[in-house]
Amino acid sequence: MSDPAEIGGEVKPRLPRGVHLKHDETRGEWLLLAPERVLKTNPIAVEILKRCDGNATLSEIVDDLAAQFKAERARIETDVRALLGELAAKRMVDL
Amino acid sequence: MNALETTPTPISAPVGILAELTHRCPLGCPYCSNPVELDSRAGELDTETWKRVFSEAAAAGILHAHLSGGEPASRRDLVEIVAHCKKVGLYTNLITSGIGLTQERMRELADAGLDHVQLSIQDAMAESADRIAGYKGAFARKIDVARWVNEVGIPLTVNAVIHRANIARAGRMVEFAVELGARRVEIAHTQYYAWALVNRKVLMPSHAQVEKAVAEVEGLRETYAGKIVIDHVIPDYYAKYPKACMGGWGKRTMNVTPHGKVLPCHAAETIPGLEFWTVREHSLIDIWMNSPAFNAFRGTEWMLEPCRSCPRKTIDFGGCRCQALALTGDARNADPICHLSPHHDKVAEIAATFDDVDANVSASDYIYRTLKTRVPAE
């Protein structure tokens, strides 16, 4: 489940209850809040996580990002899979 | 308030607040981290004051609000407090024994926006668990509570404190947490402060027991990867370097007692000569920036050798001040857990006295945590 290459393109990732993406005004940055955890997020991760709404599939998220940032689809897909695989292992994303 | 202008070095914003809403608790766990001198009900902060504190916490940059106790469910205004935390943008974590919660109340907490529940278990076996808690039926009730948490969809962490009476089942408690539907489990070996220090001679396991239990739990990480996250707090009596207590003094978290005193860590009151401020007289950010207790061990200036010239001084901050005090007599010393401490022998000495312990602990051996009786000094 946490091996990025094995995640299906049709999964609909979402942040489970108890995990929030929050823009922190004090520190001026986006943070991923989870039980006993605060993860700093880079701008790419923020764009990916904003799209993890439980409706969009992984493939759709990749298409959307590739279109919006005019970037190579394969590279985006690698980033998305790596992030979601890592967060799923920490149970901070449901696939 | 001109806190920022009067402070010489930049102080980072706090990340978490541990709110001890009350020290009342139906359970009597002999390793409780609350102070031996518990706060009475009469002097507890009222609802409006707690709300102000949480508003101030959010404004100060705090992200996580840990609602703890005692048993926080003993507060009738718990749902109202959770709703307020949600309103001001805090992530709410309820740290509970489960006793005092009902299915109805769990639904109310979920509706109020509760983000996470951390449920304590005392053992993976009913009889032993109830004996440790000093409360008949606690174990069965916790199974109900876990189910109610899952029903409302709040992520569940199960939290187990490990000591001699349950160490044989450290690994089993991870499995039990999975059965209870937890996404995360904390297996924390007892740290010997407060009530745990009073009960150390019946709580501390042998080195061999510890090694076996630690290996067992570490071995389960792979088995349960992606299913449950294991947070493992291993005992520091056998460690080479100390822990960065609280992630550094006055660096990440603040602890508010039921009566409103604000502490850099829950055991800080054991250190003589520290001046603590209360939320009744100061705002939270004022206390964070300016109270003498928070500034006493901030940074590295206060350190003595061997910490002062140590390359690890900004990694572990010299370890735990309370443990340094308890075992060396001076809170500024290196935590004697560190092998570089000239007092390190004392730790080994204490640990060695437990090398030949009997795994059977009877309830009559415990001094249970209670508000009512005074504990004799050691």
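The values are calculated or read from the model by the stated rules, or taken from the named source; none is laboratory data. Since this is a predicted model, take the numbers as computed values, not measurements. For neighbour counting, all protein chains shown are included, and Cβ atoms are generated from backbone atoms with ideal geometry for every residue, glycine included. For accessibility, only protein heavy atoms count, side chains too; no ligands or nucleic acids. Shrake-Rupley method; radii C 1.70, N 1.55, O 1.52, S 1.80 Å.
When the accessible area of chain B is split by element with a 1.4 Å probe, what percent falls to carbon and sulfur? Answer for chain B is 53 percent, counting heavy atoms of protein chains only. Loop-resident trypsin sites (Lys or Arg not before Pro) (DSSP state other than H, G, I, E or B) in region B:11-84 with no more than 14 further Cβ atoms inside 10 Å of their Cβ: B:41, B:76. Sorting B:92, A:78 by solvent-accessible area of protein heavy atoms yields A:78, B:92, largest first, with a 1.4 Å probe. Can you spot the lysines whose alpha carbon is less than 26 Å from residue A:90's alpha carbon? Ignore those fewer than 8 places along the same chain. Hits, sequence-local ones excluded: A:12, A:22, A:40, A:50, B:86, B:142, B:212, B:227, B:243, B:251.
Assuming charge only on the beta carbon of Lys and Arg (+1) and of Asp and Glu (-1), the dipole of chain B about its Cα centre is about 260 debye to the nearest 20.
In order along region B:308-319, the Karplus-derived 3J(HN,Hα) couplings, from 6.51 cos²θ - 1.76 cosθ + 1.60 at θ = phi - 60°, round to 3, 9, 8, x, 8, 5, 9, 9, 10, 6, x, x Hz, and Gly and Pro are given as x.
Look at the stretch A:13-19: the mean tally of other chain Cβ atoms within 10 Å of its residues' Cβ atoms is 4. When A:30, B:50 are compared by accessible area at a 1.4 angstrom probe, the order from most to least is A:30, B:50. Put simply, the convex hull of the Cα atoms in region A:11-89 casts, on average, a shadow of 5.4 nm².
Between the helical axis of A:73-89 and the longest alpha-carbon principal axis of chain A there is an angle of about 50 degrees. Here residue B:29 sits with roughly 20 square angstrom of accessible surface, probe radius 1.4 Å. Applying both filters, DSSP loop and at most 12 other Cβ atoms within 10 Å, to the GluC sites (Glu not before Pro) of region A:1-72 gives A:10, A:25, A:72.
Among B:249, B:284, B:272, whose Cα sits farthest toward the positive end of the charge dipole of region B:244-299 (+1 at Cβ of Lys/Arg, -1 at Cβ of Asp/Glu, about the Cα centre)? In region B:244-299, that residue is B:249. The helix-only estimate of mean residue ellipticity at 222 nm for chain B, built from DSSP H runs of length n ≥ 4 each weighted as -39500 (n - 2.57), is -9500 deg cm²/dmol after division by the residue total. As a calculated quantity, the FRET efficiency between residue B:275 and residue B:42 at R0 = 30 Å, using C-beta atoms, amounts to about 0.80.
With a cut-off of 12 Å between beta carbons, the residues surrounding residue A:4 carry a summed charge of -4, where Lys and Arg count +1 and Asp and Glu -1.
Comparing mean-square fluctuations of B:109, B:21, B:304 from a GNM of chain B with C-alpha springs under 10 Å, the top value falls on B:304. Close amide H partners of residue A:27, meaning residues 5 or more places away or on another chain with modelled amide H under 5 Å apart, do not exist here. The Kirkwood radius of the protein assembly as shown, taken over pairs of alpha-carbon atoms, gives through the Stokes-Einstein law at 25 °C and 0.890 mPa s a diffusion coefficient of 104 µm² s⁻¹. Across peptide A:20-27, the average count of Cβ atoms from other chains found within 10 Å of a residue's Cβ is 4. Summed over both chains, the contact between B and A buries some 1900 Å² of accessible surface at a probe radius of 1.4 Å.
Within region B:290-326, the trypsin sites (Lys or Arg not before Pro) that combine a DSSP coil assignment with at most 14 other C-beta atoms in a 10 angstrom radius are B:308. Close amide-amide hydrogen proximity is noted between residue B:162 and B:188, B:189, B:190, each under 5 Å apart and 5 or more residues distant or on a separate chain (H modeled in the peptide plane; Pro and chain starts excluded).
Sequence-distant contacts, meaning Cα pairs under 8 Å at least 6 residues apart, place the relative contact order of region A:11-89 at 27 percent.
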